[in-house]
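The values are calculated or read from the model by the stated rules, or taken from the named source; none is laboratory data. The model shown is predicted, which means the values in this text are computed figures rather than measured ones. Don't worry about glycine lacking a Cβ; one is built from the backbone with ideal geometry, like all the others, and counts go over all protein chains shown. Note: areas computed on protein heavy atoms with side chains; ligands, DNA, RNA excluded. Shrake-Rupley method; radii C 1.70, N 1.55, O 1.52, S 1.80 Å.
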Amino acid sequence: MDKEQQLKKWEGYRDWRNRPALKGCHGGLLAASFVLVVEVLENLAYLANASNLVLYLSKFMHFSPSSSAIMVTNFMGTAFLLALLGGFLSDAYINTYCIYLISATTEFMGLLILTLQAQIPSLKPPVCTSVNRNIPCEEVDGGRSVMLYAGLYLVALGVGGIKGSLPPHGAEQFDEHTPHGRKQRSTFFNYYVFCLSCGALIAVTFVVWIEDNKGWHWGFGIATAAILISIPVFLLGSACYRIKIPSGSPITTIFKVLAAAIYNVRIPRNSGNAIENMNTTLSCTTEAREDEQHGRGNPEIQSVTEDLKFLNRALMRTSAPPWLECTTKQVEEVKTVLKILPIFMSTIMLNCCLAQLSTFSVQQAATMNTHVGALRVPPASLPVFPVLFIMILAPVYNHVMVPFFRKLTNTEMGITHLQRIGTGLILSIVAMAVAALVEMKRKRVATQSGLMNSPEPLPITFLWVALQYLFLGSADLFSLAGMMDFFFTEAPFSMRSLATSLSWASLAMGYYLSSVLVAIVNNITGTFSRTPWLDGSNLNHYRLERFYWLMCILSGLNFLHYYLWARNYRYASSTPDDQKEIQLH
């Protein structure tokens, strides 16, 4: 009887009441569906303001276009970087279930502050009446700026926690010991991006229209209501969830292995005090069995691998302190983490390109004719184009392309994670080239029309800017779902939430890199010319097309760097016989 009960349990998982999670009762598509619905509401709350924030800061808080762009990229970068904190806490001390609830409450508080500031005139700077774009208005300052930053970064903290906990919480609902379960998990990540787009569609159409026509306090209010509603929706799925038990700090393990390997550098590899084979083998067997019980889909670790040989020194028997003693499992887990880091680093430049969707691209559209027939489209609604494309492409990719390539390659994956990420990188290069050409056309129209210093819209449709949105949106679909699936699948069981958060950390670093590039470009160009490329309150005097060409060149170099790492990567979740089939090339 005890054995039968044990077989019915999901080892390494609990339910929301901290009781053993049971097969047939916890996990599966129903549990994951609650996560997908919550993501629609959460991304609606976040993007409703993030997509239009650059205009709010420039028009109502009176920051310059360049300062507004930097503030938005810093805000979004911080939000995504804090996903690492959410992932770390989920793996180490709390769990994904509790982290989501705490984070959603934090985001709600931040949005409430921003709603109050947008509603009460005394909490905003005086209205600007200048008609000359070259005359700056009074910026928000003092206590009002403190309130603005407090609201923004409470939202960032909440968003980070949600991004670090919600995707792994959904992915953990599937049984990876079966091909069906692994396919369902891959489908979940595809539809997670689809649900991101559903929330974004409502945000960049309905909510942005409300902000532009009814007032920003209505826009912030809708976002506040959306994140508040997401909490009871998430709680409705509590009885279905299987929740991974935290297993201690993965950061501690990483630093311990690195410290032990460095400590043992002084000992010759051929010393008689090298690895004690009996203990290593016994330790490895025990750990592999534990790993299987905790739901690892990766093959059991049978011996020390030859990859990153330097770390094998951590297993040598020395006079090192007891706290530096490492097991084979720990060493191999750290190797896995280190091997995915170059892939992670290669995706940062792609996300630097995506950062332009929320900054300069919106400002470009704001200077153009935003009418489609009799309908006036707010500039911040431009992301509707990549959003709609993602919503169409995601089901097509999952139900048409993946089955086709599975039959073609006779593999479970069909299209590998690294192939998806590589496709996203190529699309981002094309997007930056298109963006540069469109900006050249926009400025030519501004010059010919004599509207370089006028606030009047240029006689050119904003749909030209939509071209770069389509390419960047496609890049986002391929790269984000591919990164989340790749990091979750390849990471050790004890580090999965943290590893999945690398997808968002890549976004964060991309936004920060965008800010750094703007600053560097301004410093260098300001030294060799009268005015920097990206400075001032008038976008028409920027050298934005040159900046986009620079991004295109950097993205091309980044792809070459990515290809060098990806073509030699060996998937930890595959057997040796499969490795030949799933290389990038």
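For beta carbons closer than 7 Å, sequence separation of 6+ or different chains, a first residue in the stretch 199-221 that is without any contact (Cβ under 8 Å) to a residue 60 or more places away in the chain and a second that is aliphatic (A, V, I, L, M), the qualifying pairs are ILE210/ILE222; TRP218/ILE210.
For the stretch 354-368, state whether one or more residues are within 30 Å of GLY450 (Cα to Cα), open to solvent by 20 Å² or more (accessible area, probe 1.4 Å), in contact (Cβ under 8 Å) with a residue 24 or more places away in the chain and among the aliphatic types (A, V, I, L, M). Taking every residue of the stretch 354-368 in turn, at least one turns out to be within 30 Å of GLY450 (Cα to Cα), open to solvent by 20 Å² or more (accessible area, probe 1.4 Å), in contact (Cβ under 8 Å) with a residue 24 or more places away in the chain and among the aliphatic types (A, V, I, L, M). Here the condition is being within 23 Å of the chain's Cα centre (by Cα), more than 16 Å from SER479 (Cβ to Cβ) and without any contact (Cβ under 8 Å) to a residue 24 or more places away in the chain; of ILE392, ILE415, it holds for ILE392 alone. No other residue among SER574, SER555, SER529 is modelled with pLDDT under 85 and under 27 Å from the mean Cα position of the chain (by Cα) apart from SER574. Number of residues in the stretch 24-42 that are open to solvent by 50 Å² or more (accessible area, probe 1.4 Å) and more than 16 Å from ARG185 (Cβ to Cβ) equals 3. Taking each residue of the stretch 446-475 that is more than 19 Å from ASN540 (Cα to Cα) and looking for partners that are open to solvent by 50 Å² or more (accessible area, probe 1.4 Å) and of a type in the set (A, V, I, L, M, F, W, C) with beta-carbon atoms closer than 7 Å, six or more apart or interchain, yields TYR469/PHE385; LEU470/PHE385; LEU470/PHE389; PHE471/VAL430; GLY473/PHE385; GLY473/PHE389; SER474/PHE389. Among the residues making up the stretch 475-502, a single one is open to solvent by 10 Å² or more (accessible area, probe 1.4 Å), among the hydroxyl-bearing types (Ser, Thr, Tyr) and touching a Pro at 6+ places or on another chain (Cβ under 7 Å): SER494. Listed by first and then second residue, the pairs linking a residue in the stretch 545-557 that is more than 15 Å from VAL518 (Cα to Cα) to a residue that is in a helix (DSSP H, G or I), with Cβ atoms under 8 Å apart and 6 or more places separating them unless they lie on different chains, are SER555/MET349; SER555/LEU350; SER555/CYS353; SER555/LEU425; SER555/SER428; SER555/ILE429; SER555/MET432; GLY556/ILE429.
Total residues in the stretch 320-343 satisfying the condition of being open to solvent by 10 Å² or more (accessible area, probe 1.4 Å) and either within 16 Å of ILE426 (Cα to Cα) or at pLDDT 90 or above (or both): the figure is 2. If you filter the stretch 353-372 down to residues that are in contact with a Phe, Trp or Tyr (Cβ under 7 Å, 6 or more places away or on another chain) and of a type in the set (A, V, I, L, M), you find that the one that is farthest from SER66 (Cα to Cα) is MET368.
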